[in-house]
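Student: One structure follows; several queries about it will come next.
Bear in mind that the values in this text are calculations on the coordinates, not laboratory data. Small disclaimer: the values here were computed from a predicted structure and weren't measured. Neighbour counts run over all protein chains shown; Cβ positions are idealised from the backbone, glycine included.
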Amino acid sequence: MNLQKKVVWITGASSGIGEALAYEFNKKGTLLILSARRIDELERVKNGCIDHEESVKILPLDLEDSDAIPGKVQEAVELFGSVDMLINNGGISQRAYAADATMGTIRKVMEVNFFGTVGLTKAVLPHMIEQKSGHIVVVSSVMGKFGTQYRSAYAASKHALHGWFDSLRQEVYGHQILVTLVCPGYVKTNVTINALTADGQKFDKMGEGQKKAMSPEIFARKLLPKLAKQKEEVYIGGMEVAAVYLKRWFPGLLNKLLRRMKVT
Ligand SMILES: NC(=O)c1ccc[n+]([C@@H]2O[C@H](COP(=O)([O-])OP(=O)(O)OC[C@H]3O[C@@H](n4cnc5c(N)ncnc54)[C@H](OP(=O)(O)O)[C@@H]3O)[C@@H](O)[C@H]2O)c1
């Protein structure tokens, strides 16, 4: 797939994986729409792109604001005349035991990660169906394939994405629309710093897994060729990716191992 002059819309582009993806796509001559809530951070990322004058636009949005989403899609399409690839990357994590997390916290994680992603995708779909092409990418997690302590709502939100987007993939195949679910392992970003505690406060600490994980830049470099190959599901990470295969073939063994692990 030639990424030059294709229009790629990235959510969660104000930091971490989304930011690194923006720089990587920009090097390929892609036209970019960058979205997240923080406008100043989006401006910083835009200015960090080598070629940003004409080829990078910012479009602030809040994935929790479902009423505003259709208008944002309209604006996005008008920026460059189309959207060829939507990368649903914006999301939040959780660091709290299931028994302690309030329903408000659980709902917020689902609202951003699941309903926000689904709402945005549904609003973009008519445009992609009309143009008879499109690529919808979802940044899930290895937590979309199995669950560990401390991340119940997060794992639930990511599992839900797999169910919804696996179904969507069958429905839109005839419209030449592709769906790729991306499952990162640990990537060194602010994801745990921004994660919600039981009562919805910021966790505010870098997770142990993240501290020694691959950089978002390496992650982005690994992901682009896989998107170009139009993979349906992608796993990128360290040893934790092996757990996806253990879950598939030896689920009992994985459960035993996870129970014994110190999860932070
Ligand atoms: N890092 C990892 O180890 C890891 C592993 C597996 C999966 N992931 C997934 O990767 C994706 C990106 O996370 P990251 O690691 O890059 O963490 P991050 O640095 O915390 O980035 C999260 C991004 O999501 C945006 N966001 C959060 N809430 C939002 C909302 N309500 N509306 C719009 N945007 C929102 C944030 O921007 P604003 O605050 O400006 O809105 C930010 O740009 C997430 O879906 C995460 O679940 C990460």
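Student: Taking θ as phi - 60°, what are the ³J(HN,Hα) couplings along segment 188-201 by the Karplus curve (6.51, -1.76, 1.60), each to the nearest whole Hz, with x for Gly and Pro?
Tutor: The phi angles translate into 6, 10, 8, 4, 7, 4, 7, 5, 8, 7, 3, 9, x, 6 Hz.
Student: Any chance you could list P(r) for segment 7-260, counting all Cα-Cα pairs in 5 angstrom bins from zero, rounded to whole %?
Tutor: The calculated distribution, bin by bin, is 1, 6, 13, 18, 20, 18, 12, 7, 3, 1, 0.
Student: From the phi angles alone, apply the Karplus equation (6.51, -1.76, 1.60; θ = phi - 60°) to segment 133-142 and give each ³J(HN,Hα) in whole Hz, x where the residue is Gly or Pro.
Tutor: Per-residue couplings from phi come out as 6, x, 9, 9, 10, 10, 8, 8, 5, 4 Hz.
Student: Let me ask another. Which whole-angstrom value gives the distance between the alpha carbon centres of segment 122-151 and segment 202-241?
Tutor: 16 Å
Student: Work out how much length Val241 to Gln176 would gain on full extension: take 0.36 nm times their residue separation and subtract the Cα-Cα distance, in nm to one decimal. Spell out each step's value before the answer.
Tutor: Numbers: separation 65, 0.36 × 65 = 23.40 nm, distance 2.97 nm.
Between Val241 and Gln176, full extension yields 20.4 nm more.
Student: Starting from 0.36 nm per residue, how many nanometres of slack lie between Val263 and Gln131 once their C-alpha separation is accounted for? Walk me through the intermediate numbers first.
Tutor: Numbers: separation 132, 0.36 × 132 = 47.52 nm, distance 4.53 nm.
Extra length from Val263 to Gln131 when fully extended: 43.0 nm.
Student: Per DSSP H run of at least 4 residues, take -39500 (n - 2.57); add these up for the chain, divide by its residues and hand me the 222 nm value, nearest 500 deg cm²/dmol. Show your work: numbers first, answer last.
Tutor: Details: 10 runs with 113 residues, N = 264.
The helix contribution divided over the chain gives -13000 deg cm²/dmol.
Student: Quick one: what are the phi-derived ³J(HN,Hα) couplings along segment 106-119, Karplus 6.51/-1.76/1.60 with θ = phi - 60°, whole Hz, x for glycine and proline?
Tutor: 4, 5, 5, 4, 5, 5, 6, 6, 9, 5, x, 5, 5, x
Student: Per the Kirkwood treatment, what hydrodynamic radius in Å, one decimal, follows for segment 109-186 from the mean inverse distance over all distinct Cα pairs? Before the final figure, lay out the partial values.
Tutor: On the way: mean 1/r = 0.0773 Å⁻¹.
Computed over segment 109-186, the radius equals 12.9 Å.
Student: Taking amide hydrogens as modeled 1.01 Å from N in the peptide plane, which residues meet the under 5 Å criterion relative to Glu233, leaving out close sequence neighbours?
Tutor: Hits under the 5 Å cutoff: Leu181.
Student: Here is a follow-up. Let me know the charge dipole size of the chain about its Cα centre in debye, to the nearest 20, where only the beta-carbon of Lys, Arg (+1) and Asp, Glu (-1) is charged.
Tutor: Values: 35 positive and 27 negative charges, 276 e Å.
The calculation lands at about 1320 debye.
Student: Of all trypsin sites (Lys or Arg not before Pro) in segment 192-264, which ones are in loop regions per DSSP and have a Cβ with at most 10 other Cβ atoms within 10 Å? Present the calculation step by step, with values, prior to reporting the outcome.
Tutor: Numbers: sites: Lys202, Lys205, Lys211, Lys212, Arg221, Lys222, Lys226, Lys229, Lys231, Lys247, Arg248, Lys256, Arg259, Arg260, Lys262; in loops: Lys205, Lys212, Lys229, Lys231, Lys262.
Taking segment 192-264 and a limit of 10 other Cβ atoms within 10 Å, the loop trypsin sites (Lys or Arg not before Pro) found are Lys212, Lys229, Lys262.
Student: A follow-up question, please. Quick check on the chain: of the DSSP beta bridges with both residues there, what percent are antiparallel, nearest 5%?
Tutor: In the chain, approximately 5 percent of DSSP beta bridges are antiparallel ones.
Student: Next question. With the chain treated as a Gaussian network of Cα nodes joined by springs under 10 Å, which of Gly238, Gly209, Gly252 yields the largest mean-square fluctuation?
Tutor: Gly252
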